[in-house]
Amino acid sequence: MRNLEKKVAIVTGGNSGIGYATAAELAERGASVIVTGRDQETLTKAEEELNVTGIVADQSDLKSIDNLVSEVSAKFGKIDIVFLNAGIASFAPLESASEGHYDSIMDINVKGVYFTLQKLLPILNDGGSVIFNTSINASVGMQNSGVYAASKAALLSLNRVFATELAPRNIRINAISPGPIETPIFGKLGLEKEEIDGFGAALSDKILLKRFGKPSEIAKTVAFLASDDASFITGTEIVVDGGLIVNTVV
C-alpha cells in the first residue's frame, strides 16, 4: 500500500526502536522520510537500511532545532507528516528524584517537543498530520514514574490544544499511547537483565494479549493517522497496549 506517495515525513528519534520502525513503514508507503537523532552512526545506518535522510538534531537544544528546520527546508521545502517520537525515560521515586532528573526529562519530552513543532509549523503544509508519541504511563500511576508520566500527560494536553489551534489550517493533531513495546529502551533503565526479565514477565501477565507489542505495530498506527484514511480524526488519543490498562483485576 503506497498511500503516502508525494508526502514528506519527519520522524524525530527515528534512528532506533519505534521511530526506526515508523520511518521504515512510512518509506514503504511511498513517503520521503527524514529521521533525526543525536547519534550520527545510527542515523547513517538508518539511511543505508531504509533509504531515508538522517539529520543530527538534539531536541533539548533550541538552536539545534532551528538548524534542523533550516536543513529540512533547504532539502525538501515543505513537509506533510510529523511524528514527534523522540524522548527519554528514566524513573525515580518522589522522595529522592533530583532536579537533574526532572529537568532532563522535561527538557526533552515536553519543551523539546513543544518547540520542535512550533518551529516546524512554517514549513508544515496545510492539511498535514502531526502525531505525538505519548505513553500509557500518563494515566496508569506506575510507581517511580512521576516525572516521566507527567511529561507524557503534558503531551496529551498539548495534543488537544493544538488540534483546536491548527484546525483552521486543516492540520490534524493526534497522539498514540503505547503500552510495553519491545524496544532498546528497557536496556537503558539501569536494571540488571534478571530485573528486566522479571519485570517483563509480570507485565506480560497483565496484558490481555499476553505479550509486549512490536515497534511495527506502533508504526502501522502512525501510518494510519498520517494518511487520508484518518482524515476525520483529530485531537484524539489511540492507546496501543494489548489491553493492559483495561485489565484492572489484580
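The values are calculated or read from the model by the stated rules, or taken from the named source; none is laboratory data. The shown structure was predicted, so the numbers you read here are calculated from the model rather than taken from an experiment. Glycine gets a Cβ as well: all are built from the backbone with ideal geometry, and neighbour counts include every protein chain shown.
General observations
- Scan the stretch 167-193 for residues that are farther than 16 Å from TYR148 by Cβ, modelled with pLDDT under 60 and not in a loop (DSSP other than H, G, I, E, B) and the total you get is 2.
Here is a yes/no grid of residues against (1) within 15 Å of the chain's Cα centre (by Cα); (2) surrounded by fewer than 21 Cβ atoms within 10 Å (Cβ to Cβ); (3) over 30 Å from MET142 (Cα atoms):
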{"site": "ALA27", "(1), (2), (3)": "no, yes, yes"}
{"site": "VAL52", "(1), (2), (3)": "no, no, yes"}
{"site": "GLN59", "(1), (2), (3)": "yes, no, no"}
{"site": "SER64", "(1), (2), (3)": "no, yes, yes"}
{"site": "PHE83", "(1), (2), (3)": "yes, no, no"}
{"site": "PHE91", "(1), (2), (3)": "no, yes, no"}
{"site": "GLU95", "(1), (2), (3)": "no, yes, no"}
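- Within the stretch 45-54, the only residue that satisfies the criterion of being closer than 24 Å to GLY127 by Cβ and in a strand (DSSP E or B) is THR53.
- Count of the stretch 1-23 residues, restricted to those that are closer than 24 Å to SER70 by Cα and crowded, with 18+ Cβ neighbours inside 10 Å, is 15.
- Scanning the stretch 216-236 for residues that are in a helix (DSSP H, G or I) and of a type in the set (A, V, I, L, M) turns up ILE218, ALA219, VAL222, ALA223, LEU225, ALA226, ALA230.
- Counting only residues that are assigned to a strand (DSSP E or B) and modelled with pLDDT under 95, the stretch 1-44 holds 0 of them.
- Filter pass, THR164 being in contact with a strand residue (DSSP E or B) (Cβ under 7 Å, 6 or more places away or on another chain), assigned to a helix (DSSP H, G or I) and at pLDDT 95 or above: no
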